[in-house]
Amino acid sequence: VAPTTPVCEVPSSAMTGTVVQLSCKETEGSPPSEYQWYKNGVALLEKTGTGNAKAANITYTMNKKSGTLLFNTVTKNDTGEYFCEASNGIGLSQKCSVKRMQV
């Protein structure tokens, strides 16, 4: 079953240095969807622990299975427009509407 449009939870504002979690979920897809977050239209990298993440100065953890995007300490650099995409290899992938987070 192709995924439906996911529901995205993105806080509209966050305080610098706080923990912020963005979530994305859709329930119709079978097999269960994987989620990809985008910031300002660019796909966010998944932290793999191979050193690339440190070089890219990644301050978040993205879980493709659960759809969460967790910032341990947000910075002003994390301000932007976020959306996520659900896909399970069946039908078209689905995106939620873009939401702006101001830090």
Within region 43-70, residues being closer than 22 Å to Pro32 by Cα, at pLDDT below 95 and among the hydroxyl-bearing types (Ser, Thr, Tyr) number 2
Can you tell me which residues in region 65-76 are part of a loop (DSSP other than H, G, I, E, B) and surrounded by fewer than 16 Cβ atoms within 10 Å (Cβ to Cβ)?
Lys65, Ser66, Asn72, Thr73, Thr75
Of everything in region 77-87, what is modelled with pLDDT of 95 or more and open to solvent by 40 Å² or more (accessible area, probe 1.4 Å)? Give them in sequence order.
Glu81, Ser87
Within region 17-38, the residues that are open to solvent by 80 Å² or more (accessible area, probe 1.4 Å) and not aliphatic (A, V, I, L, M) are Gln21, Lys25, Thr27, Glu28, Pro32
Do you know which of the residues in region 1-24 that are part of a loop (DSSP other than H, G, I, E, B) and among the polar types (S, T, N, Q) is farthest from Glu81 (Cα to Cα)?
Thr4
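The values are calculated or read from the model by the stated rules, or taken from the named source; none is laboratory data. Since this is a predicted model, take the numbers as computed values, not measurements. Note: ideal-geometry Cβ built from the backbone for every residue, glycine included; neighbour counts use all protein chains shown. Surface accessibility is based on the protein's heavy atoms, side chains included, excluding ligands, DNA and RNA. Shrake-Rupley method; radii C 1.70, N 1.55, O 1.52, S 1.80 Å.
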